[in-house]
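Quick note: the coordinates plus some simple rules give every number you see, no bench work behind them. Computed from a predicted model, the values in this text were never measured in an experiment. Heads up, the Cβs are rebuilt from the backbone with ideal geometry, glycines too, and the neighbour counts pull from every protein chain shown.
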Amino acid sequence: MSLLSIIVPCYNEEENIQDFYHEVLKNESFFREKDLAVEFLYIDDGSKDGTVKEVKKLHEKDERVHLISFSRNFGKEAAIYAGLQKAKGDYAVLLDADLQDPPSLLPEMYSYIEEGYDSVATRRVTRKGEPRIRSFFARMFYRLMNNISRTEIVDGARDYRLMTRQVVDAILSMTEYNRFTKGIFGWVGYETKWLEYENVERKKGESKWSFWKLFLYSIEGITAFSTVPLAFASVMGVLFCFAAFLLIIVTIVRKLVFGDPTDGWPSLVCIISLISGVQLFCLGIVGQYLSKTYMEVKKRPIYLVKEDF
Ligand code: UDP
Ligand code: MG
């Protein structure tokens, strides 16, 4: 008999815990047919509502239900890492608690694992029910990311993913503090089958992602999986030196030919402000990488546990 670990990061999802459990168990006959045992790993990411209480209720009825509760909100990435660490399964699957990752896809996903794929990932083909500008920026981000990073990051990819023990161990071997999961999946490689489905809207509660949070997350992704912005800073520097050199020659020649040394104050102001802007921008890029390095060097734990059963 094989074991399937079902990992569910939860942040203020009290309304969804039970629904999720029952939705997954609609596949019970499939699990039996494939001789699969399941374990539920709810990872409570410092919820302030009754999430922990709901999981405990389930645990009393069904001993296959387990919980790790964090001491505070550490973010979904940390929750995924904790879940994978706790998973004992031969296979593990990551799902959102809000049922945006339909558990009814599990049999199909498993069939690809049986075919020999190492992991089965999902992407949504529509962004239905999402604000327009959010979709626009998301698309821009993926295009930029794939141009500047050698790690493939798929547009619309969700974290909903079924993987074998080998892939789980590969992900666990990446112990970095800044965890950009979408990049980590791409980085570890292995044979991945992509399934596509229409976007499903959240069952209950609301999304934990504001536009600002997503923006910061995208910067995290870029600094974690590409050093192109750093090269960009150097290239800008070289270009501006070159332009400055030309300008010096032009100025000297002009002085010798026309002799008007005090003319040109407005253009000087423009040049100085442009270049200081570029300088600050490049300094900011370096700062981003420095801050990430600083956090990695501290080697703080990725999460802290309050309760675990
Ligand atoms: N989540 C989490 N920690 C957080 C934010 C979200 O564990 O800090 C969980 C959340 O409970 C849900 C999943 O991550 O199960 C996806 O979150 P959400 O539905 O808010 O994101 P969206 O689907 O809007 O991208
Ligand atoms: Mg969601």
Could you state the number of Å between the C-alpha centres of the range 1-62 and the range 77-95? 12 Å
Karplus ³J(HN,Hα) for the range 86-103 (6.51 cos²θ - 1.76 cosθ + 1.60, θ = phi - 60°; Hz, whole; x = Gly/Pro) runs 7, 4, 9, x, 6, 10, 9, 10, 9, 9, 7, 6, 7, 6, 7, 9, x, x
Around T122, which amide H atoms from residues at least 5 apart in sequence, or from another chain, sit under 5 Å from its own amide H, with H modelled in the peptide plane? R158, Y160, L195
Under 25 Å between alpha carbons, and skipping anything fewer than 8 positions from K182 in its own chain: which lysines qualify? K76, K86, K88, K128, K193, K203, K204, K208, K213, K292, K298, K299
Relative pair counts by distance (%), Cα atoms of the range 176-309, 10 Å bins: 8, 22, 24, 19, 12, 9, 5, 1, 0
Full-extension gain in nm, D62 to R143, via 0.36 nm per residue minus C-alpha separation: 24.7 nm
Residue separation between A243 and K204 times 0.36 nm, minus their alpha-carbon distance, gives in nm 8.3 nm
Rounded to one decimal in nm, the spacing of the 7 Å Cα→Cβ label points at L283 and L172 is 4.5 nm
In Å, the C-alpha Rg and Dmax of the range 143-215 are 14.2, 37
Taking Cα pairs closer than 8 Å and at least 6 residues apart, the relative contact order of the range 32-104 in percent is 33 percent
With x for Gly and Pro, the residue-by-residue ³J(HN,Hα) of the range 68-73, computed from phi through the Karplus equation 6.51 cos²θ - 1.76 cosθ + 1.60 at θ = phi - 60° and given in whole Hz, is 10, 10, 7, 6, 7, 7
Regarding the range 11-157, what whole-number volume in Å³ per residue does the convex hull of its Cα atoms give? 150 Å³
Taking the Cβ-Cβ separation of E115 and D35 as r and a Förster radius of 22 Å, what is the calculated FRET efficiency to the nearest 0.05? 0.80
Once amide H atoms are placed 1.01 Å from N in the peptide plane, what residues at a sequence separation of 5 or more from K208, or on another chain, have their amide H within under 5 Å of its amide H? none
Using a Förster radius of 25 Å, what is the FRET efficiency between I275 and W212 based on their Cβ-Cβ separation? Nearest 0.05, please. 0.25
Could you work out how far helix 51-61 tilts from the main Cα principal axis of the chain, as a 0 to 90 degree angle to the nearest 10? 30 degrees
So how far apart, in nm, are the two label points at E191 and L25 if each is 7 Å from Cα heading toward Cβ? 3.5 nm
Which cross-chain or sequence-distant (5 or more) residues have an amide H under 5 Å from the amide H of G189, H modelled 1.01 Å from N in plane? none
Please compute the volume of the convex hull spanned by the alpha-carbon atoms of the range 1-40 and report it per residue in Å³. 48 Å³
Can you compute 3J(HN,Hα) from phi for each residue in the range 253-258, using the Karplus curve 6.51 cos²θ - 1.76 cosθ + 1.60 with θ = phi - 60°, rounded to whole Hz and x for Gly and Pro? 4, 4, 4, 5, 7, 9
Can you give the Kirkwood hydrodynamic radius for the chain, in Å, rounded to one decimal and based on Cα pairs? 22.2 Å
Evaluate the relative contact order of the range 14-163 (contact order divided by residue number), counting alpha-carbon pairs under 8 angstrom at least 6 apart; express in whole percent. 25 percent
Rounded to two decimals, the Debye log10 I(q)/I(0) of the range 109-242 (Cα scatterers, no solvent) at q = 0.10, 0.18, 0.21 Å⁻¹ is -0.41, -1.15, -1.39
Cα centroid distance between the range 180-245 and the range 104-178, in Å? 13 Å
Which order do R72, R161 fall in if you start with the one that has the fewest other Cβ atoms within 10 Å? R72, R161
